[in-house]
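What follows is calculated from the coordinates using simple rules that are stated; it is not laboratory data. Please read these numbers as outputs of a predicted model, since none were measured by experiment. Quick reminder, even Gly has a Cβ in these numbers, built from the backbone with ideal geometry, and neighbours come from all protein chains shown.
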Amino acid sequence: MKPSLTDTLCTRCGLCCDGSLFADVELAGASEAAGLEAMGLEIEDDENGLLLLPCGALRGKLCGIYAHRPECCRTFECRLLQDARRGAVTVERAGEHIAEALKRVARVRELAVELGQRDVRLPLKERYAEALALADDAGTDAALNRKRAELEAEMNAVEGLIRRRFLGQGNPR
Ligand code: SF4
Ligand code: SF4
């Protein structure tokens with residue numbers, strides 16, 4: 001049997017779960033929130049509850065609570081997955097976009113750590129903001145300033161890629 005697109009692409013991605021695309025997942029209500037909290041996941045009180053990302057259920061690139069994942073995770077499809085489904089992008093090309101995004105996200109994280117940012121439980125944008133603040137505190141150190149510049153350039157590239165390919169904002173070409 002031919003593997004589904006989700007099996008082919010999402011299992012090597014995880015960007016919508018690991019804090020790169022989003023900072024949280026909107027939950028369907030109090031009982032869904034309570035169920036996830038009972039599984040040890042971090043939930044923020046909101047009208048219906050928010051599952052904080054990076055998700056504690058993520059195992060590598062796979063969902064560790066797949067059968068019990070929230071409604072929003074069941075129904076979400078990023079733009080890239082939708083484009084691959086309707087043939088607007090080949091599966092091979094979609095895989096290349098995922099690989100590029102993962103590589104750039106990894107570099108942003110690496111640079112953030114090199115600048116002293118340590119809390120890996122934060123979403124990517126927050127890690128980036130913390131790293132920039134730490135770099136600003138470092139003053140005129142030339143090596144740190146080079147890293148800061150690289151971090152800004154890499155994060156710009158990541159955000160552009162995410163907007164165009166994964167969130168479908170702006171011209172994807
Ligand atoms: S970002 Fe898209 S391709 Fe990646 S895991 Fe999420 S839905 Fe799948
Ligand atoms: S519950 Fe599963 S699908 Fe939903 S964000 Fe967490 S790891 Fe991803």
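Normalised Debye scattering of the stretch 95-166 at q = 0.15, 0.21 Å⁻¹ gives log10 I(q)/I(0) of -0.47, -0.84, counting only Cα atoms as equal scatterers and leaving out solvent.
Ranked by the mean number of other Cβ atoms within 10 Å of their residues, highest first, the peptides 80-89, 109-118, 1-10 come out as 109-118, 80-89, 1-10.
For the chain, what are the DSSP H helices with axial Cα length of 24 Å or more and mean Kyte-Doolittle hydropathy of at least 1.0? Result, helices passing both filters: zero.
Using a simple charge model, +1 on the beta-carbon of Lys and Arg, -1 on the beta-carbon of Asp and Glu, nothing else, what dipole does the chain show about its Cα centre, in debye to the nearest 20? Display every interim value, and only then the final one.
Values: 25 positive and 29 negative charges, 227 e Å.
That gives the chain a dipole magnitude of about 1100 debye.
In the stretch 22-75, the inverse of the mean reciprocal separation of distinct Cα atoms equals 11.0 Å; this is its Kirkwood hydrodynamic radius.
Ignoring lysines fewer than eight residues from Lys125 along the same chain, the ones with Cα atoms less than 23 angstrom from its Cα are Lys61, Lys103, Lys147.
Across all C-alpha atoms in the chain, the radius of gyration and Dmax reach 17.4, 59 Å.
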